[in-house]
Amino acid sequence: MSTNVVSESLISTLPGSTYVDEAVFRAEQERIFEQMWFCAVRAGDLDKPGAYRTVQIGRESIIITRNRKHGIRAFYNICRHRGVKLCMEETGEANRSFQCPYHAWTYDFDGKLIAAPNLTKMPDIDRQEYGLVTIPVREYLGYVWVCLAENPPSFEDDVMGDIEERLGDTQAIEGYDIANLALGRRITYDVKANWKLIIENFMECYHCATIHPELTEVLPEFADGLAAQYFVGHG
């Protein structure tokens with residue numbers, strides 16, 4: 001989709017329909033959120049084996065946890081038997097395993113099927129093959145990243161490469177020791193808006209002097225308009 005240049009100073013937004021059309025949103029979920037690396041949770045939230053968080057990525061619910069060796073693991077939050085959601089809460093701690101609340105199929109923290117009613121009478125059921133469906137996962141800069149794509153793009157190119165492109169060197173951000181920062185406060189809220197509006201608001205700082213004067217005091221280049229990107233609405 002092309003971008004209309006209104007003038008040298010103004011660039012139009014996308015057509016209004018792209019912010020409300022359900023078909024467009026489904027396509028974005030499929031082609032963007034379910035294809036790229038996604039920064040999902042703080043690694044420090046998973047401080048022990050069995051500690052887990054569930055996150056919604058695109059159209060899928062995902063479990064992120066640690067195995068017995070403290071390795072990070074991610075699975076689709078779906079039992080392999082009848083597709084029931086395994087973990088209903090956003091965060092929690094499983095003592096020994098994940099168990100389906102419907103038919104009690106039970107999985108260890110590596111996703112292997114370890115128990116089920118009458119499983120010993122079903123010798124043809126391979127416990128690895130019928131384990132939870134795993135998802136590519138990486139731990140980097142104190143965060144857990146996941147990708148739902150069948151053939152995920154290179155993490156080094158797409159994530160670390162972007163950092164290097166913007167900062168000149170990945171060590172520029174590693175020097176902040178982000179992985180060892182401690183969480184002081186978490187605020188979670190839903191914004192009743194299409195995700196692209198949030199991104200557009202984040203990408204421009206035309207509003208910073210008015211809405212975030214404390215930011216412009218710390219970063220005066222924003223007040224000078226050097227980092228601003230101006231948008232004009234397109235119906």
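The values are calculated or read from the model by the stated rules, or taken from the named source; none is laboratory data. Fair warning: this is a prediction, and the values are worked out from it, not measured in the lab. Neighbour counts are summed over all protein chains in view; Cβ atoms, including those assigned to glycine, are modelled from backbone coordinates with ideal geometry. Each accessible area value is taken on the protein alone, full model and side chains, heavy atoms only, with ligands, DNA and RNA left out. Shrake-Rupley method; radii C 1.70, N 1.55, O 1.52, S 1.80 Å.
Quickly run through region 85-113 and pick out the residues that are free of Cβ contacts under 8 Å to residues at least 40 places away in the same chain, within 22 Å of the chain's Cα centre (by Cα) and exposed (fewer than 15 other Cβ atoms within 10 Å of the Cβ).
M88, E89, E90 - these are the residues of region 85-113 that are free of Cβ contacts under 8 Å to residues at least 40 places away in the same chain, within 22 Å of the chain's Cα centre (by Cα) and exposed (fewer than 15 other Cβ atoms within 10 Å of the Cβ).
For the subset of region 179-194 comprising residues that are farther than 18 Å from L141 by Cβ and among the charged types (D, E, K, R), which member is most open to solvent (accessible area, probe 1.4 Å)?
Applying the filter and picking the extreme gives K192.
How about region 29-72: which of its residues are open to solvent by 40 Å² or more (accessible area, probe 1.4 Å) and aromatic (F, W, Y)?
F33, F38 - these are the residues of region 29-72 that are open to solvent by 40 Å² or more (accessible area, probe 1.4 Å) and aromatic (F, W, Y).
Using beta carbons and a limit of 8 Å, which pairs, at least six apart or on different chains, have the first residue in region 161-185 and free of Cβ contacts under 8 Å to residues at least 24 places away in the same chain and assigned to a loop (DSSP other than H, G, I, E, B) and the second one open to solvent by less than 100 Å² (accessible area, probe 1.4 Å) and acidic (D, E)?
Qualifying pairs under 8 Å: T170/E164.
Any idea which of (1) of a type outside the set (D, E, K, R); (2) out of contact with any Cys (no Cβ under 7 Å at 6 or more places or on another chain); (3) open to solvent by less than 70 Å² (accessible area, probe 1.4 Å); (4) outside any loop (DSSP other than H, G, I, E, B) is the one L197 doesn't satisfy?
Status for L197: all satisfied but (3).
Restricting the search to region 150-171, which residues are modelled with pLDDT of 90 or more and among the β-branched types (V, I, T)?
Within region 150-171, just V159 meets the criteria.
Within region 130-152, track down each residue that is assigned to a loop (DSSP other than H, G, I, E, B) and open to solvent by less than 40 Å² (accessible area, probe 1.4 Å). Before the answer, list the steps.
We begin by selecting, within region 130-152, every residue assigned to a loop (DSSP other than H, G, I, E, B); these are 130-133, 135-136, 141-142, 147-152.
Selection gives G131, L132, I135, L141, G142, C147, L148, A149.
Of the conditions (1) modelled with pLDDT of 90 or more; (2) among the β-branched types (V, I, T); (3) open to solvent by 60 Å² or more (accessible area, probe 1.4 Å), T120 fails just one. Which one is it?
Unmet for T120, out of (1) modelled with pLDDT of 90 or more; (2) among the β-branched types (V, I, T); (3) open to solvent by 60 Å² or more (accessible area, probe 1.4 Å): (1).
Which residue is nearest to K85 (Cα to Cα), if the candidates are limited to region 7-46 and must be without any contact (Cβ under 8 Å) to a residue 12 or more places away in the chain and of a type in the set (D, E)?
It comes out as E22.
Being over 25 Å from V159 (Cα atoms) and either open to solvent by less than 60 Å² (accessible area, probe 1.4 Å) or among the hydrophobic types (A, V, I, L, M, F, W, C) (or both) is the requirement here; does T18 meet it? Step through it out loud before you land on a result.
Working: over 25 Å from V159 (Cα atoms): yes; either open to solvent by less than 60 Å² (accessible area, probe 1.4 Å) or among the hydrophobic types (A, V, I, L, M, F, W, C) (or both): yes.
When the stated conditions are applied, T18 passes them.
Might you let me know whether region 156-178 holds any residue that is in contact with a Ser or Thr (Cβ under 8 Å, 6 or more places away or on another chain), within 19 Å of C39 (Cβ to Cβ) and open to solvent by 60 Å² or more (accessible area, probe 1.4 Å)?
Checked region 156-178: at least one residue is in contact with a Ser or Thr (Cβ under 8 Å, 6 or more places away or on another chain), within 19 Å of C39 (Cβ to Cβ) and open to solvent by 60 Å² or more (accessible area, probe 1.4 Å).
Which of the residues belonging to region 41-78 are out of contact with any helix residue (DSSP H, G or I) (no Cβ under 6 Å at 6 or more places or on another chain) and of a type in the set (G, A, S)?
A43, G44, G50, A51, S61, G71, A74 - these are the residues of region 41-78 that are out of contact with any helix residue (DSSP H, G or I) (no Cβ under 6 Å at 6 or more places or on another chain) and of a type in the set (G, A, S).
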